[in-house]
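The values are calculated or read from the model by the stated rules, or taken from the named source; none is laboratory data. Source: prediction; values computed, not measured. Every residue, glycine among them, receives a Cβ derived from its backbone with ideal geometry; neighbour counts consider all protein chains shown. Protein only, heavy atoms only, side chains kept; ligands, DNA and RNA dropped before computing areas. Shrake-Rupley method; radii C 1.70, N 1.55, O 1.52, S 1.80 Å.
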Amino acid sequence: MKSYNIFFSPTGGTRKALKMLNPFGEEVDISKGADIFLKKDDLAFIALPCYAGRCPDLAIRRLEAVHAEKTKAVAVIVYGNRAYEDALLELSDKLSERGFSILAAVSAIAEHSIIRTIAQNRPDEEDEKLLSSFYLKIMEKLESNHKESFHIPGNRPYKALKPSATDIKADKSICTKCKLCQSSCPAGAISLKDPSETDASSCIGCMRCVHICPAKARDISKERKERIREMLYATAKERKQAELFL
């Protein structure tokens, strides 16, 4: 059996949580859609971030490059300490449609990609201990060949996707045009000719360009960030814990 960690992780939190859950998996970043072919006896831990209670549509589309032969999978959703709502159920459904057999499902927490003081520095040591215990339970289920169905929280139909409200812009006075953001953008939303320009219709607001910009030239507007901050401090201050469903 070969173990894989397959992820869409624009700012690194999803990848970090997945690595804590399965430290033995071969890493596969699907942010740019590279094909991967899995065998029936492989085990795939597949992790996506949660945006407003749903899986990012682009991340779901990237799963089309992951090919399975009734491969066992662990569906993993990583969220910024507010709520994952229908995202874990959505991911599990999409993986089943792609030919995976769902062995288990996990929700985990990472530092919020926009308001970094929410779940700051998570996943942390406490998260790692809990996720490590999940791994052992998942392996026990795999070895026992236990096939009883289990419940994954969420609703069908899923929560309606809101139109993208991204407004990421670059401060042209400090942008060095290094093009790191352009080469790293999973949506191809940043101009090759002028990396300070962003196509708002393509941008998914994943914050990768903001996270990696060495000049700190990119961000959303102060007004929108403050609205998000106020909402999160009202709903996401209490520490939430990872959950295992199997």
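A compact table of results
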| quantity | calculated |
| --- | --- |
| The listed residue being more than 20 Å from residue 108 (Cβ to Cβ), at pLDDT 95 or above and open to solvent by less than 30 Å² (accessible area, probe 1.4 Å), out of 63, 38, 88 | 38 |
| Subset tally (residues that are open to solvent by 10 Å² or more (accessible area, probe 1.4 Å), hydrophobic (A, V, I, L, M, F, W, C) and more than 13 Å from residue 6 (Cβ to Cβ)) for segment 66-85 | 1 |
| Identity of the residue in segment 137-194, among the basic types (Lys, Arg) and part of a helix (DSSP H, G or I), that ends up least open to solvent (accessible area, probe 1.4 Å) | 141 |
| Spans of strands (runs of 3 or more DSSP E) in segment 1-55 with at least 3 residues over 17 Å from residue 134 (Cβ atoms) | 26-29 |
| Which numbered condition residue 79 fails, given (1) over 11 Å from the mean Cα position of the chain (by Cα); (2) closer than 29 Å to residue 239 by Cα; (3) not aliphatic (A, V, I, L, M) | (1) |
| Hits in segment 199-222 - residues which are at pLDDT 95 or above and surrounded by fewer than 16 Cβ atoms within 10 Å (Cβ to Cβ) | 214, 215, 216 |
| Breaking point among (1) in contact with an Asp or Glu (Cβ under 9 Å, 6 or more places away or on another chain); (2) crowded, with 18+ Cβ neighbours inside 10 Å, for residue 10 | (1) |
| Residue list for segment 118-134, restricted to those being open to solvent by 40 Å² or more (accessible area, probe 1.4 Å), in contact (Cβ under 8 Å) with a residue 60 or more places away in the chain and either under 13 Å from residue 80 (Cα atoms) or in contact with a strand residue (DSSP E or B) (Cβ under 9 Å, 6 or more places away or on another chain) (or both) | 130 |
| Segment 176-203 residues that are closer than 13 Å to residue 58 by Cβ and free of Cβ contacts under 8 Å to residues at least 24 places away in the same chain, paired with ones that are acidic (Asp, Glu) and part of a loop (DSSP other than H, G, I, E, B) (beta carbon under 9 Å, 6 or more apart) | 188/199; 189/199 |
